[in-house]
Amino acid sequence: MPNSIYVSRIAPHYWEEPVISGNKGTAAVFFTGCPLDCIYCQNKEISQNNHGRKTTVEEISEEVQLLIDSGCETLSFITPTHYIHRVIDILEYLKPNIPVVYNTGGYESVETLKTLEGYIDVYLPDLKYGSNQLGKLYSGVDDYFDVAKAAIDEMVRQTGKPFINKNGIMEKGVIVRNLLLPNHTRNSIEVIEYLSHQYSDNILFSLMAQYTPYGKALGHEKLGRKITRREYEKVLNIFENSMLEGFSQELTSANQSYIPKWDK
Ligand code: SF4
C-alpha cells in the first residue's frame, strides 16, 4: 500500500461486543479495502469497491482524539491489515489512553503481527472457517484456516488472557468471532470445537448471527438466505456446552440497518 491512507468512516460505533462498545461507543476507524474478497461481504462498498477518502496520519489522529474526548471508551481499527505500517504511525502520534482494538478478518501473517506487539491491547479477529476449502470457495484465498490459526496463536501470545475492567471494558485479550452462515452449521461447530480445545478460557468467543445475503451472495444457492432459528439454536447449544466464554448475537441482528453509512 502507499503511504496515503484511505478511510471510509471515522465515527462512534455502538454495535460491537459490549466490552468493546461500552456505553458511548468505540472510536471506530474503518479503513478502505480488505485483504479478503468474501462473496457475502456486507461492507463491500468499502472493502471491495474502495469507497473512501484520502487522509493522513495527523488528520485521522485528530478526528479520533475528538471521539476520545467525547467519551468513547475504546479505539477500534477496523480492517487495518493492509495499512499496518500507518497504524503504528497513528498510534505513535496519538498515544491514546484507552484500549486499542484491532478488528480483522483473521487473514494476517505472523511476521506482520509481530510488528504490532505492544501497540494493540485487544485483538478481535474472525475465524470464519474451520477449513481451507471454504476460504477458497467464499473468500478467495487458498490457505485461510492455516493462516488464521497461526495469527490467533500470535495474538493470544501477545495479549495473554482476557481482562475486563470494573467498568466492563476489555483492556487486554482476544475475542474470536465467527459469523454463522446459512447451510453451514457444521463449519461454525468445527470452529467452536477447535477454539474450545485449543484455547478454552484464554480467549473469548463471539457467535455472530447477523448474516443477511448481500452483494454476490444474493441468489446464491447456499448463501442466498438468512440463517434459520433451528440453525442458530443448534450452533448456540454447542457454544454454550463448550469451554468457551463470550457473546452471542440475537437472531434479530440479521438486518441491513446494522450496516453503517459509508459517508467517509
Ligand atoms: S474480511 Fe470482512 S470486510 Fe473483508 S471482504 Fe470479508 S467480510 Fe468483507
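The values are calculated or read from the model by the stated rules, or taken from the named source; none is laboratory data. The model shown is predicted, which means the values in this text are computed figures rather than measured ones. Every residue, glycine as well, gets a Cβ built from its backbone with ideal geometry; the counts of neighbours run over all protein chains shown.
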Q) Is it the case that V176 is modelled with pLDDT of 95 or more, crowded, with 19+ Cβ neighbours inside 10 Å and outside any helix (DSSP H, G or I)? A) yes
Q. Which one of these does S196 not meet: (1) surrounded by fewer than 20 Cβ atoms within 10 Å (Cβ to Cβ); (2) in a loop (DSSP other than H, G, I, E, B)?
A. (2)
Q) Give me the pairs: first residue in the range 14-42 and assigned to a loop (DSSP other than H, G, I, E, B), second residue surrounded by 20 or more Cβ atoms within 10 Å (Cβ to Cβ) and aromatic (F, W, Y), beta-carbon distance under 7 Å, and six or more apart or on different chains, which are they? A) P35/Y107; L36/Y107; C38/Y138; I39/Y138; Y40/Y138
Q. Which strands (runs of 3 or more DSSP E) does the range 60-154 wholly contain that include 3 or more residues that are surrounded by fewer than 18 Cβ atoms within 10 Å (Cβ to Cβ) and in contact with a Pro (Cβ under 7 Å, 6 or more places away or on another chain)?
A. none
(Q) Can you report the number of residues in the range 211-245 which are closer than 29 Å to F163 by Cα and either touching a residue at least 60 places away in the same chain (Cβ under 8 Å) or touching a strand residue (DSSP E or B) at 6+ places or on another chain (Cβ under 7 Å) (or both)? (A) 6
Q) Can you tell which of L113, L75 is within 26 Å of K166 (Cβ to Cβ) and in contact (Cβ under 8 Å) with a residue 24 or more places away in the chain? A) L75
**Q.** Conditions (1) more than 26 Å from K226 (Cβ to Cβ); (2) within 16 Å of the ligand (Cβ to nearest atom); (3) in a loop (DSSP other than H, G, I, E, B); number of the one not met by N3
**A.** (2)
Q: Inspect the range 12-24 for any residue being touching a Phe, Trp or Tyr at 6+ places or on another chain (Cβ under 6 Å) and surrounded by fewer than 18 Cβ atoms within 10 Å (Cβ to Cβ) and give the result as yes or no.
A: yes
(Q) Quick test for you: out of S76, S109, S61, pick the one residue that is out of contact with any strand residue (DSSP E or B) (no Cβ under 8 Å at 6 or more places or on another chain), modelled with pLDDT of 95 or more and within 16 Å of the ligand (Cβ to nearest atom). (A) S109
